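The structure appears below as structure tokens.
Any read-out appearing in this document is the output of simple, stated calculations on the displayed coordinates, not a laboratory observation. Given the structure is predicted, the values throughout are model-derived calculations rather than measurements. All Cβ positions, glycine included, derive from the backbone under ideal geometry; neighbour counts span all protein chains shown.
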Amino acid sequence: MSQELSVVGKRLTQPDGVAKATGAARYTVDIKLPGMLIGKVLRSPYPHAKIIKIDKSKAEKLPGVEAVITLEDTPKIPFASSFRDLPMAPSGALQRPDQLIFADKARCVGDGIIAVAAINESIADEALELIEVEYEKLPAVFDPEEAMKPGAPKVHDYAERNIAVHVGYPLAEGDIEKGFQEADCVVEDTFFASKQIHCQLEPEACVASFDATGKVTCWSPCQLAHPCRRELAHIFNMPEGMVRVINPFVGGSFGGRLSISAEPICIALAMKTGKPVKLEYTREEDFTVLETRTPHKYSIKMGFTKDGTLIAMQVKVVTWSGGYLGRAQLAGGITLIWGMGHYRCPNRAGEADIVYTNTTMSGAMQGYGNPAIMWGVEQVVDMAAEKLGVDPLELRLKNIKKVGEISNMGLPIESTALDECIKAGADRIGWREKRGRKKEGVMRQGVGMATMTHCSGAHPLLLEHSNAFIKFNEDGSANLIVHPGSPGTHIWGTLSQIAAEELGIRAEDIHIVTGDTDITMFDLGSHASRSTHVTGNAVLMAARQAKGQLLERAAKTLGVSPDELEVKDRQVYVKAAPEKSISVAEVVRNAIYNFKGECLNISGKCSWESKWNCPPTTAGFAEVEVDTETGEVKVVKFVVAHDCGRAINPMTVEGQAQGGIMQGIGYALTEDFVINRDTGVVESDNFTTYKIPSMLEILDTEIILVERPDPKGPFGAKGVSEPCIVTIAPAIANAIYDAVGVRVKDMPITPEKLLKALKAKSDVN
Amino acid sequence: MEKQIAKFIVNGRSYEIPIEPRMTLVEVLRDELDLTGTKYSCGVGECGSCTVLIDGKPTLSCCTLAITSKEKSILTIEGLAQGITLHPIQQAFIDYGAIQCGFCTPGMILTSKALLDENANPTREEVKEALAGNLCRCTGYVKIVDAVLAAAEAMRKGGK
């Protein structure tokens, strides 16, 4: 693909930059409507309890309180926060709707029991204190393995041994037993990948308002706005057309906005009071109530022949779900798909149990299962390399998939540059010089690597449907009507560059119209690194249609045929005689104000269903320094090479990558979800007890963009965002091993755990 | 609770606002003056999103009782640009891709302004130190530091 590009590939600024830099950007938490009430939720203090009696009379009498509602005031229609009917094609399974607007019994600390709406926040808080709830405490279970034991407390009646779902690896192949028998080197180990918290800076919030016709408008940060609308309509037994979801600016997501959270209670309060209601979570609620990254305990077994060929792989996963499934219910299966889909391997098998516990719900976070499983897979590969006596880099190069082989999700790979990523990253970190250096003294240095494959949209697992509509304005600019989620991924700019490139205008000529389900056509939203690829292709096709109309009209004016024309930098010109031209604006104007009986607003529309997922790949390389006296780990340098197909805007791809590195360092080293094993209370409930990286943790980073355009991507582009975090933690773990010869297999690698491992090693020696 | 009228000077304009003694500055700015560019995120001074400048000093408005800042000069993000002309720090944040979701951006920009007003030529380390109390979950911080250093240079060359 040797296209000459004018807009794509340029480091352009973002269409929402000025709004965000000046404070003009309004987020859901900034929405204020006339007469708006403030909602608050009374939450269970117990991890597992029956609700015997509720006395809300005192709260209802408090002046300024407009409603106090319980389960009895709501429709009691079961739903799934991650959407009942988000389709999983291979199994045809729907997601289990195991939630109600309020809990019928408390299944975790923080489960919503009652809500109030009052004229201001302090009255709402006071009202909560006046509500009396009588609970009957039940035995609780916090650990998924304990929860699976016979006789363990049951979180949901239907789930025997608390196992909500048992899934097999849908792409199993070969004969796993025979594979391991034939292997010369078998490595097996168990790992724990933690319950990372998103820590998006905008607290969870929703504003809901009914109009006189009974239609509800819901301002929400949900990044799957159209599916969100559908689920809300289901919960309140309303037609979809009577629900309007508006996404204001969104203050971060990282997957946390994939599920609905505050919306159902907020709408229930607005319905009850007939007034607009805002429900904003406190930071503590954000930490303790919202879905987290899904944690997994798992074992990995990999078998290699003497020459380093991977011939058998088996993964068994216990997925730690909370009191309700949320998006954890798909996390077990997808973890198997990522884990065993990365390397070529003829014999593969695996299974996962998704297990209820009396803890905060688990769900989706950047990479959705991929960072969790590659944490183990990439360490096992290093262990195998050591056993086989080969360079782990060479072992990876030998086993990674090539074009034409079958991808993690079962589709033929049409492009991959992982080999180049590995080589480029190794070169920049100084792999050969730094690996296996002599270790002496207190401070020990090491380098480690990890690789991964992801997806650009989740076809064939999910229905990857997006729409785009483009209409030209008289000035030659164009409105692009689309609805990806936009939680800070620069997708508006990316889609503008794709549209402008195809239309032959400038990126700043594209006006994005988005964030309102009454205006935008269906889009699944943003998840699975899909928007650049799937919504991007919808935009490209819509632009192509509009361009066709543009050239047809210009051709008439210029007296040539449309295929003799090209459009570039706002000008339509004859390819063979560029001096013969007409501006885009003039063509559009003449078509709109047409007095020859041929009126047309030049436009293009595309309903796009993606049939590929163009897996992006990355290779990450960490250089660390370990203090053997304190157990502290400093990540000195991180190099990551991204096979992104084509960087539509290299500056924003770098930004995503740098953000992923920082989140990955937090995941690997400091971020620790802590639950009190006696009370079930989440103790990591603020930025002091849950430590995310600050500016002081900035390290030397290098982002390498390896652009080998994918034939199916818009201008060759693949998804970028989620891959950015996947390799970070395992590369750090492997670098620590290179430095000090020990592994901490349960996240995070805290100084305490590392010191313990070092001591265990020295005791053995 | 009894309300009293207090005078606040915000972005060069004077406002007389009835406040309760318990009210924080961020509440006054966001709820009374509708200056929602100042963000409320953690509520306990851990994240820096609510940073405003009081007499030029970065201040966490979520932990500041409004009454203590009466009659002082308060600068919020809305007061930084001159009409449609952006401050060099705002421009640099845009040009260097230092803004992703944008929720930390007002606090980051104002903390940066306080730094650059005091130190026109900071080192990379000094920028990191100054902004260490402002959390960002999107960017990994690298482009923010790049932007602040670029803004410093632009300001030395005659921005403001």
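For this structure, a couple of remarks:
- Taking the number of Cβ atoms within 10 Å of each Cβ as an exposure proxy, the fewest-first ranking of A:H483, A:H166 is A:H166, A:H483.
- Remark: for residue pairs A:K471/A:K556; A:K438/A:K756; A:K434/A:K634; A:K53/A:K137; A:K423/B:K143, the C-alpha separation exceeds 24 Å in A:K423/B:K143.
- Pairs exceeding 20 Å between alpha-carbon atoms, taken from A:K20/B:K57; A:K611/A:K718; A:K547/A:K718; A:K154/A:K195: A:K20/B:K57; A:K547/A:K718; A:K154/A:K195.
- Structure note, pairs A:K32/B:K70; A:K387/A:K712; A:K50/A:K76: Cα-Cα distances above 29 angstrom occur for A:K387/A:K712.
- Relative contact order (%) - chain B, alpha-carbon pairs under 8 angstrom, separation at least six: 23 percent
- The alpha carbon radius of gyration of the range A:377-447, expressed as a multiple of 2.2 N^0.38 Å, is 1.36.
- Cysteines, chain A, no other Cys beta-carbon under 4.7 Å: A:C108, A:C185, A:C199, A:C218, A:C345, A:C421, A:C455, A:C599, A:C606, A:C614, A:C644, A:C724
- Rounded to the nearest 10 degrees, the angle from helix B:105-118 to the longest Cα principal axis of chain B is 70 degrees.
- Segment A:K759..A:A577, full-extension length gain: 57.7 nm, with 0.36 nm per residue of separation and the alpha-carbon distance subtracted.
- Global form of chain B, assessed from the alpha-carbon gyration tensor, a/c cut-off 1.5: prolate
- As a rough footprinting exposure proxy, the listed residues A:I602, A:I311 were ranked by other beta carbons within 10 Å of their own, and the order from fewest upward is A:I311, A:I602.
- Per DSSP, loop trypsin sites (Lys or Arg not before Pro) in the range A:270-365 with at most 13 further Cβ within 10 Å: A:K306
- Across the range B:4-79, Cα pairs under 8 Å and at least six residues apart give a relative contact order of 40 percent.
- Within the range A:196-311, percent of DSSP bridges classed antiparallel, to nearest 5: 70 percent
- Fewest neighbouring Cβ atoms within 10 Å first, the residues A:S466, B:S73, A:S321 line up as B:S73, A:S466, A:S321.
- Computed helical MRE - 222 nm, the protein assembly as shown, DSSP H runs ≥ 4 contributing -39500 (n - 2.57), nearest 500: -8000 deg cm²/dmol
- Peptide A:197-207 shows a mean partner chain C-beta count of 4 within 10 Å per residue C-beta.
- Anisotropy class of the protein assembly as shown from Cα gyration tensor, a/c 1.5 cut: rounded
- Separation of alpha-carbon centers, the range A:628-688 and the range B:65-113, rounded to whole Å: 27 Å
- By the combined test of axial Cα extent (at least 27 Å) and Kyte-Doolittle hydropathy (mean at least -1.0), the qualifying DSSP H helices of chain A come to A:536-558.
- A Förster distance of 45 Å, applied to the separation of the beta-carbon atoms of A:E173 and A:D627, puts the FRET efficiency at 0.50.
- Evaluated at q = 0.16, 0.17, 0.22 Å⁻¹: base-10 log I(q)/I(0), Debye formula over Cα of the range A:666-728: -0.76, -0.80, -1.00
- Entry note, the range A:493-551: relative contact order of 43 percent, from Cα contacts under 8 Å with a spacing of 6+ residues.
- Net charge of Cβ neighbours under 14 Å - reference A:T557; Lys, Arg +1; Asp, Glu -1: +1
- Partners for A:K58 among aspartates and glutamates (Cα-Cα distance below 17 Å; same-chain residues under 8 apart left out): A:E66, A:D125, A:E126, A:E129, A:E132, A:E134
- Local charge for A:Q656 was computed over the other residues whose Cβ lies under 13 Å away, with Lys and Arg +1 and Asp and Glu -1, and equals +1.
- For the protein assembly as shown, the antiparallel share of DSSP beta bridges with both residues in that region comes to about 75%.
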